[in-house]
Amino acid sequence: MTKLLHLLPAEIEAESFRIITEELGDRQIDPALAPILKRVIHTTADFDYADTLYVSEGAIEIAKQAIRDGATIVTDTQMALAGINKRTAARFGCEAVSYMSDPDVAEAAKAQGVTRAQVSMDKAARLGENVIFAIGNAPTALLRLRELADGGYRPRLIIGVPVGFVNVVASKEQIIEGPVPCIVARGRKGGSNVAAAIVNALLYELDTTRGGTR
C-alpha cells in the first residue's frame with residue numbers, strides 16, 4: 001500500500017514541485033520556461049508538455065512586462081477565467097475577463113454565422129494592445145487572433161493551448177508562425193486549466209510574496 005503523506009496545502013504544492021523536478025531529471029529546460037512548464041505539469045500530471053510546450057523568443061519577459069504594465073488577461077472560457085488567481089493579478093493592476101457569455105457577443109456571432117469565440121476576440125481587440133490572450137478551448141479564437149495579427153494587431157502575448165481534434169493543431173501552428181509573442185502547447189493536448197496555469201505561473205514569478213514558482 002502506498003504510504004500517505006499528511007501535509008498542509010502549501011507543503012503539498014512544494015512536495016509536488018519537488019517530485020516534478022526530480023522526474024524531469026536531466027532534461028535541458030530553459031530556466032525561464034521551467035516555472036511555467038512545472039506548473040503546467042503540476043496542473044495536468046502530464047510530462048508530455050516537456051516536449052510540446054513551445055515559447056517564442058523573448059515571449060516570457062514580454063509577458064512579464066505586460067503584467068507589470070497592468071495588462072488585461074482575456075480568456076476564451078469561464079473555466080479559464082475562474083482558474084486565474086485574480087488577487088495576484090490585481091496586485092499588478094491586471095484584470096482577467098472573458099466575453100464569451102456576453103449577450104452582444106452571442107447576438108453578433110449568430111448574426112454573422114461565426115463562433116462566439118471569434119466575436120469575443122474582436123471585442124477584446126478593442127481594448128488595445130496591452131492584452132494577454134489565454135486560449136484553452138477554442139481553435140477559432142486562435143484563428144481569429146492570427147487574422148487580426150495579419151491585419152496589424154499586436155497584443156503582448158497569445159497563450160494558445162486549446163484541446164481537441166478539429167483545427168486544434170493547425171490553429172496552434174498558425175499562432176507559432178505569426179508575428180505575436182506566444183506560448184503554445186503543440187499537438188492536441190491543452191485545455192482551460194492549462195491556459196490558467198500558464199497565466200498563474202507568470203504572475204507567481206513576479207509576486208515576491210510567494211517567492212516565485214519552485
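A few notes on this one:
- Verdict on Gly191 being closer than 22 Å to Ile41 by Cα and surrounded by fewer than 19 Cβ atoms within 10 Å (Cβ to Cβ): no
- The sole residue among Arg186, Arg144 that is among the basic types (Lys, Arg), touching a residue at least 40 places away in the same chain (Cβ under 8 Å) and out of contact with any Cys (no Cβ under 9 Å at 6 or more places or on another chain) is Arg186.
- When Phe133 is tested against the conditions (1) surrounded by fewer than 16 Cβ atoms within 10 Å (Cβ to Cβ); (2) not in a loop (DSSP other than H, G, I, E, B), the lone failure is (1).
- Search result, residues across region 157-167 that are in contact with a helix residue (DSSP H, G or I) (Cβ under 6 Å, 6 or more places away or on another chain) and either surrounded by fewer than 22 Cβ atoms within 10 Å (Cβ to Cβ) or free of Cβ contacts under 8 Å to residues at least 12 places away in the same chain (or both): Asn167
- Test for Ala124: is it surrounded by 15 or more Cβ atoms within 10 Å (Cβ to Cβ), in contact with a Lys or Arg (Cβ under 6 Å, 6 or more places away or on another chain) and either small (Gly, Ala, Ser) or at positive phi (or both): no
- For first residues located in region 72-89 and surrounded by fewer than 23 Cβ atoms within 10 Å (Cβ to Cβ), partners that are at pLDDT below 95 and part of a loop (DSSP other than H, G, I, E, B) and lie 6+ apart or on another chain with Cβ distances below 6 Å form the pairs Thr88/Asp207.
- Applying a threshold of 8 Å to beta carbon distances and a minimum spacing of six or more residues, or different chains, the list of pairs starting in region 14-39 at a residue that is polar (S, T, N, Q) and ending at one that is not in a helix (DSSP H, G or I) reads Thr21/Arg214.
- Looking only at residues in region 5-41 that are part of a helix (DSSP H, G or I) and of a type in the set (Asp, Glu), the one that is nearest to Asp207 (Cα to Cα) is Glu13.
- Only one of the numbered conditions (1) surrounded by fewer than 18 Cβ atoms within 10 Å (Cβ to Cβ); (2) modelled with pLDDT under 95 is violated by Thr213, and that is (1).
The values are calculated or read from the model by the stated rules, or taken from the named source; none is laboratory data. As the structure is a prediction and not an experimental result, all values here were calculated from the model. Note that we place each Cβ from the backbone using ideal geometry, even for glycine, and neighbour counts take in every protein chain shown.
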